[in-house]
Amino acid sequence: MPYVLMKLFEDAPRRFDRWMGILTLGRVEEIRDQIAESVARPGVRVLEIGCGPGTMAALLARRGAEVVAIDTSGDMLREAERKLEASEIKARVQLKNLSAMEIEDQFPEGTFDRVIGILVLSELTDDEIDYVLDECRRVLRSGGQLFVVDEVEPEPILRRWFIRAVRYPMRFITFLVLQAKDLKSSNIWKKTLYYVIEFPLMVLTFLAVPPATHPISDFEERVKNAGFRLIGSRNFLGGTLRLLQGERLG
Amino acid sequence: MSTIAPPPGSRAVGEDEASPPAQEKDFSTRTRSELEPPARPSHAKPRGALWAAIARLPKRLFQTVFRVVPFPIKPGLVRIGNPGRSSPVLVTTNYDLTVRRVRRALEGLDCYLLVAPAAGVDVWCAATGGRFTIDSVISILKTSRVARLVNHRRLILPQLAATGINIFELRKRSGWSAVFGPVRAEDIPDYLNTRRRTESMIRVSFSVKERLEMSTAMWGSLSLRYTLFPCLIFGWRTAPGFVLILAVLSAGVALGCFTLPGKTFVQKAGFLGLLGIAGLAGALLLPGGPGIRFVIQWTALIAFASFLAGTAFPSYSPLWACGYSKLFYGACDLRLAVVEDQCIGCRICDLVCPVECFTLATNRKMVFANPGICVGCGACLIQCPTDAIINEVADDHLLKTAHG
């Protein structure tokens, strides 16, 4: 869903947080504050996966944490860099252009006290989610904690189907808008012609290809199976957004 | 995520070509967790096989006509035969048809096949369009945990992946070294035997069968996209005729791509169209023939269809640079040149070139000798370890897409 709005802004990384806030009705700020509250103490070592423009990382560093923040988007990291520039917390934040799939090669076992991932798992496939959760456990020290926030489907059946009914057309619109991403010409007539011609193929493609982001199924189970003890769980936005807090077993 | 962006190069046929054996086994129903050879012989009951063949017919038909639509399967590790710790590890994309053909070609070998996530698109298109990337390879290396199964760190990538995966960078990021295998899956057994890629293994071809296959795909996609326009102008009754004209022209251009008169494919298709129009005009002279209005209408439709078939055809061929995408995606022309001082004569550009653009000069430097046959895939630009190949057209849109 977020992608539609993302495209409406000219400079995505700079306004990323603003629309994230709008989209989650301010919940994402609340979640960040809550995580920062329970995580950040001077000297605590934190890994943030999918840091985006670095808001969470900055929040943690301001409270004295030593943060390693990774993201696959160079643009996002540049924005994070810009934000941290000339502030005294810069030394405590290490930005790396890495995907969640590359944690294994970068950090030895037990490197971190806390691992945080906000709205990042839903962009991965099921196999990738399990792999990444497994790696999160590995890089945490014994007793270290994981904080993951992601989209889930609400449990009550009516609400679940209501959300699906709203989400599906939004996904389709997002998909359509993104189809024009690679077009070079901004000529409105060319764009219109493109959509008229390509529409049937776009529909087939939309139906064929799995979505870019999807609600996570069996979120708790996956975290537990990766070797965590669940110590906290909180729902937001009518049960569509969930924060899980787990502690590494053993 | 955009998914149907036509790649700046060409629609691929190469990677997954194989003539169907008389008895075709369906591999798509096997799961990736299949660790042992099936207990029951795969040629079970003939009636079951017949039903299976009928049951998969709609899917096969869809995949033949709408070849341009992605068809993803679950990425994962496939064990071929009885692989051991030193067995080769091959990589392909999660396009249903590709995986099916690669598996068929590998029958009888012992190896691992990694089906990498690439949005369900074939190797060449996915690599060129930024779907089959180093990240895809890393993802499948990690989730399959193949490193625990073999005692080496060597991957065999399909050669057409060269437009999206820089093997030097892959080694840096993943610790796995990679070599390019043959273009066509059916050459893999020979390649694995000799570990040599012959000249015919590294160049794309366009056989009659491949041309028919791609013309069917082109017909499907053109009909789906453009039938609306004749319907709007002349009424929906013209639709079947228009689709038929597209079928004839698609097949005609594809079969006659080397022999029809004309320099461009619009001219070649136009030649075929003119034949049809001449026939119509001749019919006008016959007593009791069609009316003038009928002739004008179908003349317009044949002209339109010829234009479409002519502009679209290169996109469906492995030998000519895509023309259609220029209209919407801007020029994807490459005018390459080798900076002699930077060239170290490693020949990788020649070894990943699907046609044969490069030659080695006597001073051990590469020369971009055959610009006329360049398909604009950009593989050489992506692979060159010293950035010795430059694109003289300032517009580097192609490369931006290739890098995602």
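The values are calculated or read from the model by the stated rules, or taken from the named source; none is laboratory data. The structure presented is a predicted model; accordingly, all values stated were derived computationally and were not measured. Neighbour counts are summed over all protein chains in view; Cβ atoms, including those assigned to glycine, are modelled from backbone coordinates with ideal geometry.
Going by what's in this entry, would A:Leu183 be described as surrounded by 14 or more Cβ atoms within 10 Å (Cβ to Cβ), within 14 Å of chain B (Cβ to nearest Cβ), outside any helix (DSSP H, G or I) and of a type in the set (A, V, I, L, M, F, W, C)? Yes: the conditions hold for A:Leu183.
So B:Leu113 fits all but one of (1) assigned to a helix (DSSP H, G or I); (2) closer than 13 Å to B:Pro158 by Cα; what number is the exception? Against the list (1) assigned to a helix (DSSP H, G or I); (2) closer than 13 Å to B:Pro158 by Cα, B:Leu113 comes up short only on (1). Of all residues in region A:67-78, exactly one satisfies the criterion of being modelled with pLDDT under 90, assigned to a helix (DSSP H, G or I) and crowded, with 17+ Cβ neighbours inside 10 Å, namely A:Met76.
Yes or no, residue by residue, for (1) farther than 21 Å from B:Met201 by Cα; (2) at pLDDT below 95:
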site: B:Ala52; (1), (2): yes, yes
site: B:Ala55; (1), (2): yes, yes
site: B:Lys59; (1), (2): yes, yes
site: B:Thr64; (1), (2): yes, yes
site: B:Val69; (1), (2): yes, yes
site: B:Val99; (1), (2): no, no
site: B:Arg153; (1), (2): yes, no
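Filtered by the rule that a residue be of a type in the set (Gly, Ala, Ser) and either more than 21 Å from B:Ser215 (Cβ to Cβ) or surrounded by fewer than 15 Cβ atoms within 10 Å (Cβ to Cβ) (or both), region B:290-307 gives B:Gly291, B:Ala300. Failed condition for B:Phe62, given (1) loosely packed, with under 13 Cβ neighbours inside 10 Å; (2) not in a loop (DSSP other than H, G, I, E, B), with all others met? Checking B:Phe62 against (1) loosely packed, with under 13 Cβ neighbours inside 10 Å; (2) not in a loop (DSSP other than H, G, I, E, B), the one that fails is (1).
Among the residues of region B:200-234, the one identified as closer than 22 Å to A:Tyr194 by Cα and assigned to a loop (DSSP other than H, G, I, E, B) is B:Thr227. Among the residues of region B:135-166, those that are touching a Gly at 6+ places or on another chain (Cβ under 7 Å), assigned to a loop (DSSP other than H, G, I, E, B) and of a type outside the set (Lys, Arg) comprise B:Pro158, B:Gly164. Annotation note: of B:Leu192, B:Leu157, the sole residue that is closer than 30 Å to A:Asn97 by Cα and of a type outside the set (Gly, Ala, Ser) is B:Leu157. How many residues are touching a residue at least 12 places away in the same chain (Cβ under 8 Å), over 30 Å from B:Val183 (Cα atoms) and in contact with a Pro (Cβ under 7 Å, 6 or more places away or on another chain) when one looks only at region B:265-303? Result for region B:265-303: 2. Condition test on A:Phe175, is it in the same structural domain as A:Asp127 (by TED's automatic domain parsing) and within 24 Å of the chain's Cα centre (by Cα)? In short, no.
With respect to the conditions (1) within 11 Å of B:Val91 (Cα to Cα); (2) surrounded by 24 or more Cβ atoms within 10 Å (Cβ to Cβ); (3) more than 14 Å from chain A (Cβ to nearest Cβ), B:Ile156 falls short on a single one, namely (2). Within region B:104-126, none of the residues are hydroxyl-bearing (Ser, Thr, Tyr), within 14 Å of chain A (Cβ to nearest Cβ) and over 17 Å from the mean Cα position of the chain (by Cα). Just for region A:187-209: of the residues that are of a type outside the set (Phe, Trp, Tyr), over 30 Å from the mean Cα position of the chain (by Cα) and more than 9 Å from chain B (Cβ to nearest Cβ), which one is surrounded by the most Cβ atoms within 10 Å (Cβ to Cβ)? Among those that are of a type outside the set (Phe, Trp, Tyr), over 30 Å from the mean Cα position of the chain (by Cα) and more than 9 Å from chain B (Cβ to nearest Cβ), it is A:Asn187.
Of all the listed residues (A:Arg167, A:Arg222, A:Arg229), the sole one being of a type in the set (Lys, Arg), in a strand (DSSP E or B), more than 10 Å from chain B (Cβ to nearest Cβ) and farther than 22 Å from B:Val68 by Cβ is A:Arg229.
Filtered by the rule that a residue be closer than 29 Å to A:Leu204 by Cα, in contact (Cβ under 8 Å) with a residue 12 or more places away in the chain and among the small types (Gly, Ala, Ser), region A:140-183 gives a lone residue, A:Ala180. Anything in region A:82-131 that is of a type in the set (Ser, Thr, Tyr) and either exposed (fewer than 14 other Cβ atoms within 10 Å of the Cβ) or not assigned by TED's automatic domain parsing to the domain that holds A:Gln34 (or both)? List them, or say none. Scanning region A:82-131 gives a single hit, A:Ser87. B:Phe132 meets all of the listed conditions (1) without any contact (Cβ under 8 Å) to a residue 60 or more places away in the chain; (2) in a helix (DSSP H, G or I); (3) of a type outside the set (D, E, K, R); (4) buried (at least 23 other Cβ atoms within 10 Å of the Cβ) but one, namely (2).
Here is a yes/no grid of residues against (1) in the same structural domain as B:Cys374 (by TED's automatic domain parsing); (2) at pLDDT below 95; (3) of a type in the set (Ser, Thr, Tyr):
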residue	(1), (2), (3)
B:Arg145	no, yes, no
B:Leu149	no, no, no
B:Leu157	no, no, no
B:Thr198	no, yes, yes
B:Trp219	no, no, no
B:Leu224	no, yes, no
B:Phe229	no, yes, no
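Beta carbons closer than 6 Å, at least 6 apart along the sequence or on distinct chains, pair a first residue in region A:11-26 that is assigned by TED's automatic domain parsing to the domain that holds A:Leu237 and under 17 Å from A:Lys83 (Cα atoms) with a second that is at pLDDT below 75 and not in a helix (DSSP H, G or I) for A:Arg15/A:Phe9.
Among the residues of region A:139-155, those that are under 16 Å from A:Leu249 (Cβ atoms) and either surrounded by fewer than 19 Cβ atoms within 10 Å (Cβ to Cβ) or not assigned by TED's automatic domain parsing to the domain that holds A:Thr24 (or both) comprise A:Arg141, A:Ser142, A:Gly143. Collect the residues in region B:167-188 that are in a helix (DSSP H, G or I), away from every other protein chain (no Cβ under 14 Å) and more than 30 Å from B:Val65 (Cβ to Cβ), keeping them in residue-number order. Residues satisfying the conditions are B:Ile167, B:Phe168.
The one condition from (1) touching a residue at least 24 places away in the same chain (Cβ under 8 Å); (2) over 22 Å from A:Phe236 (Cα atoms) that A:Asp105 does not meet is (1).
Go through the residues of region A:118-139 one by one and say whether even a single one is aliphatic (A, V, I, L, M), more than 25 Å from A:Phe236 (Cα to Cα), within 11 Å of another protein chain (Cβ to nearest Cβ) and out of contact with any strand residue (DSSP E or B) (no Cβ under 6 Å at 6 or more places or on another chain). No, there is no match, as no residue in region A:118-139 is aliphatic (A, V, I, L, M), more than 25 Å from A:Phe236 (Cα to Cα), within 11 Å of another protein chain (Cβ to nearest Cβ) and out of contact with any strand residue (DSSP E or B) (no Cβ under 6 Å at 6 or more places or on another chain). Residue pairs whose Cβ atoms lie under 7 Å apart, separated by 6 or more positions or on different chains, with the first residue in region B:223-242 and closer than 14 Å to A:Pro200 by Cβ and in contact (Cβ under 8 Å) with a residue 40 or more places away in the chain and the second buried (at least 16 other Cβ atoms within 10 Å of the Cβ) and of a type outside the set (A, V, I, L, M), are B:Leu224/A:Pro200.
Taking the criterion of being of a type in the set (D, E, K, R), in contact with a helix residue (DSSP H, G or I) (Cβ under 9 Å, 6 or more places away or on another chain) and either in a helix (DSSP H, G or I) or closer than 13 Å to A:Phe147 by Cα (or both), the residues of region A:30-64 that qualify are A:Arg32, A:Asp33, A:Glu48, A:Arg62.
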